[in-house]
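J.: Here you go, one structure.
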Amino acid sequence: MRSFLTMCILPLVAGCSTMASPPNSAATEIISADLITADGVSVGVASLTKQNDGLYLAVSAQASTSGTFGMHLHSIGKCEGPDFATAGGHWNPGMKQHGRDNPMGAHGGDLPNAIVGADNKVLLVFRIPDIVLKGEGGLLDADGAALIIHEKQDDYKTDPTGNSGKRVICGVFKG
Ligand SMILES: [Cu+2]
Ligand SMILES: [Zn+2]
């Protein structure tokens, strides 16, 4: 999966026009991340792509269980198990509180919950707001960023974490 996506960084590489996932043909991959568990086992990939109408995040992974799980962009691109504390807090360039349902929110890194069906597969593609990617305060600043999926549902309001529990899956975005 990762090598396939990486191969498609150049949109004109033969074969990329048949790429299944992104919804339109002008997609340009910006960066991708291997997703790992606390034991360091690779379980999928996440990628950021730029399309005609904005930035998209795609997540494809095998979870250990079905359910609804908090998912965020954290501020440091470092995934050291078992607790992934090295990834820091939620990416928060606007100095807000956590959660879309919090009047003082939300963090720039707050994402919708990942809903995992009975097959335990996570397969999500969604548009994220246009954000600053590079340079000071950008998502892909010197220390990068991490995508984290948690053990519990994000309640979209409890600061600073949405009560989403442990960090279960982590991937490093480094630009
Ligand atoms: Cu998180
Ligand atoms: Zn948050």
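The values are calculated or read from the model by the stated rules, or taken from the named source; none is laboratory data. These figures come from a predicted structure and were not determined experimentally. Because the Cβ atoms are built from the backbone with ideal geometry, glycine has one as well, and the counts that use them run over all protein chains shown.
J.: Taking region 43-88 as the region of interest, how many residues are on the phi < 0 side of the Ramachandran plot and exposed (fewer than 15 other Cβ atoms within 10 Å of the Cβ)?
T.: 10
J.: State the number of residues belonging to region 96-135 that are within 12 Å of ligand 2 (Cβ to nearest atom) and closer than 19 Å to Gly175 by Cα.
T.: So the answer is 2.
J.: Just the residues that are more than 16 Å from Val116 (Cβ to Cβ), of a type in the set (A, V, I, L, M, F, W, C) and in a loop (DSSP other than H, G, I, E, B), please, taken from region 30-84.
T.: Ala38, Val41, Ile76, Cys79, Phe84
J.: If the requirement is being farther than 20 Å from Leu35 by Cα and either among the basic types (Lys, Arg) or at pLDDT below 95 (or both), which of these qualifies: Gly162, Gly94, Gly175?
T.: Answer to the check: Gly94.
J.: Inside region 137-161, can you point out the residues that are hydrophobic (A, V, I, L, M, F, W, C) and within 14 Å of ligand 2 (Cβ to nearest atom)?
T.: Across region 137-161, the qualifying residues are Leu139, Ala145, Ala146, Leu147, Ile148, Ile149.
J.: Within the group Phe173, Phe126, which residue is aromatic (Phe, Trp, Tyr), touching a residue at least 60 places away in the same chain (Cβ under 8 Å) and farther than 12 Å from His74 by Cβ?
T.: Phe126
J.: Still on this structure: Scan region 139-166 for residues that are away from ligand 1 (no atom under 14 Å from the Cβ), in contact (Cβ under 8 Å) with a residue 12 or more places away in the chain and of a type in the set (Gly, Ala, Ser) and jot them down.
T.: Within region 139-166, Gly144 is the sole residue that qualifies.
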